[in-house]
Amino acid sequence: MEIHSKIETLTCSEVSISMAIWAIADLHLSHDQSKPMDIFGNAWENHAEKIAANWCCNVDEDDLVIVAGDISWAMQLPEALADLGWVAALPGRKLLVRGNHDYWWSSISKVRAALPPGLVALQNDHFIFEGWAVCGTRGWLCPGEDGFDEEHDEKIYRRELGRLKLSLDSALKAGQKRIIAALHYPPFNRQGDSSGFTELLERYGVKHCVFGHVHDEGREKLFQGTRGGVTYRFVASDGVDFTPVLVV
């Protein structure tokens, strides 16, 4: 599948990193839908072309790219195939995590059966790459976040904690000790308070956690760095110049 003809004219510096793991979130693709993203700001103009160009300049075919949610605006799985095929055509192997706007993501068995070669969907389990186990889940708003509803959000928050624990348990049972966690939502609120997610990550000895989801000005206040032994990285595409972020 052709990614974009303009990529052929681009040049980029040669970077040699053996078997690297990258992450990016919030691709918000819409090849089969009319969903222009530039209504959310000029930075989103031709954003898919930016992602493809930056991806091709950094990621090698032997690398892994974690795509942490909000992949496609499609509502049904068949409508998402063009977007999934576009991602599959980019360099590297891709590990997908569901985002809150991935309405096309139905049962995990149907999703996995429909994925093009080179794409893997993560749900309640883990994926091993070069000695690293990647675990994850969608996540949800954390307590203390503006708008957190204890009746509605608490239930989903607890369910997502359970899914993250299932994923981490699967890695632990397989004897994996080097773990990367991928969530779509930040694992804490805007104040950076500890949450059930951060407690799980620390308890299981997770080394790296990537997340996205946030697009407003509040993203500047999101915690990034290392605490409790976990290094947190924000990887929403518009917050990282539409460029995959090197994790390890």
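The values are calculated or read from the model by the stated rules, or taken from the named source; none is laboratory data. This is a predicted model, so every value here is computed, not measured. With ideal geometry, Cβ positions are generated from the backbone for all residues, glycine too; neighbour counts draw on all protein chains shown.
Within region 103-127, restricting attention to residues that are assigned to a loop (DSSP other than H, G, I, E, B) and hydroxyl-bearing (Ser, Thr, Tyr), the residue that is surrounded by the most Cβ atoms within 10 Å (Cβ to Cβ) is TYR103.
For VAL206, the conditions (1) β-branched (Val, Ile, Thr); (2) outside any loop (DSSP other than H, G, I, E, B); (3) more than 25 Å from CYS57 (Cβ to Cβ); (4) in contact (Cβ under 8 Å) with a residue 12 or more places away in the chain all hold with the exception of (2). If you go through region 98-136 and keep only what is under 13 Å from LEU172 (Cα atoms) and either touching a Phe, Trp or Tyr at 6+ places or on another chain (Cβ under 9 Å) or of a type in the set (D, E, K, R) (or both), you end up with ASP125, ALA133, VAL134, CYS135.
For region 212-227, the criterion of being at pLDDT 95 or above and within 17 Å of ARG138 (Cβ to Cβ) is met by at least one residue.
Once region 64-83 is narrowed to residues that are more than 17 Å from HIS47 (Cβ to Cβ) and in contact with a strand residue (DSSP E or B) (Cβ under 6 Å, 6 or more places away or on another chain), the residue that is surrounded by the fewest Cβ atoms within 10 Å (Cβ to Cβ) is LEU64.
Is there any pair linking a residue in region 227-242 that is within 17 Å of ALA182 (Cβ to Cβ) and assigned to a loop (DSSP other than H, G, I, E, B) to one that is modelled with pLDDT of 95 or more and not β-branched (Val, Ile, Thr), with Cβ under 6 Å and at least six apart or on different chains, and which? Pairs found: VAL235/ALA23; VAL235/ALA25; VAL235/GLY212. Count of region 171-196 residues, restricted to those that are closer than 16 Å to VAL230 by Cα and not in a loop (DSSP other than H, G, I, E, B), is 6. Which one of the conditions (1) touching a Leu at 6+ places or on another chain (Cβ under 9 Å); (2) touching a residue at least 40 places away in the same chain (Cβ under 8 Å); (3) not acidic (Asp, Glu) does ILE156 fail to meet, given that it meets all the rest? Only one criterion is unmet by ILE156, namely (2).
Name the single residue, out of those in region 193-224 being small (Gly, Ala, Ser) and over 19 Å from ILE66 (Cβ atoms), that is surrounded by the most Cβ atoms within 10 Å (Cβ to Cβ). Only one residue fits best here, namely SER195.
The residues of region 155-197 that are under 20 Å from ALA121 (Cα atoms) and of a type in the set (Asp, Glu), listed by number, are GLU160, ASP169. Within region 142-170, the set of residues being more than 16 Å from VAL210 (Cβ to Cβ), small (Gly, Ala, Ser) and in a helix (DSSP H, G or I) comprises GLY162, SER170. No other residue among ALA174, ALA181 is surrounded by 22 or more Cβ atoms within 10 Å (Cβ to Cβ) and among the small types (Gly, Ala, Ser) apart from ALA181.
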